[in-house]
Amino acid sequence: MAKPMVYFLCTGNSCRSQMAEGYAKKYGEGRITVFSAGIEQHSLNPLAVKAMAEDGIDISKQTSDLINEEILKHSEYIVTLCGDANDKCPVPPPGVHKEHWNLNDPAKAAGNDQEIMDVFRKVRNEVKARVEDFLNRIEK
């Protein structure tokens, strides 16, 4: 039986979808295939890499990618992590399960370095909890 494919989508594929990909790869290892992409291509945010490293997950080798129609077409699950991606994501084929997680963009955080990093940690923790819940639901 083929492993289900999950596609995490966000605006720039630089923070939230990258975090979701990192957690899903770790917690779903060997049971699912995971990709992430954006409706735009930005670079991987170094603060997202730092926040994930603090939780023991290395996403530094992941790349910021544009939505790939072939991956979209073959995904069993599509998860959008921001309103922009939810609104602009190509329509998935029939039978694809789509979920929307409206998460704040940590890249838009303001304040001093500590305050900005705290926002990244908060979003990271929310992504982690949602990925764990998602995997529990799809693996039943």
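Read-outs: derived from the displayed coordinates by stated rules, not from any lab. As the structure is a computational prediction, the values presented were derived from the model and not from experiment. Note: ideal-geometry Cβ built from the backbone for every residue, glycine included; neighbour counts use all protein chains shown.
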Rg/Rh for segment 5-138, where both radii come from Cα atoms and Rh is the Kirkwood radius: 0.94
Counting DSSP beta bridges with both ends in the chain, the antiparallel % (nearest 5): 0 percent
Cα lying deepest toward the dipole's positive end in the chain, options G38, G12, I59, charges on Cβ: I59
R0 of 22 Å, Cβ-Cβ distance I71-E40: FRET efficiency to nearest 0.05: 0.85
Net charge, F35 excluded, C-beta distance under 11 Å - Lys, Arg +1, Asp, Glu -1: -2
Eligible aspartates and glutamates near K108 by straight Cα distance, threshold 15 Å, same-chain separation 8 or greater: D84, D118
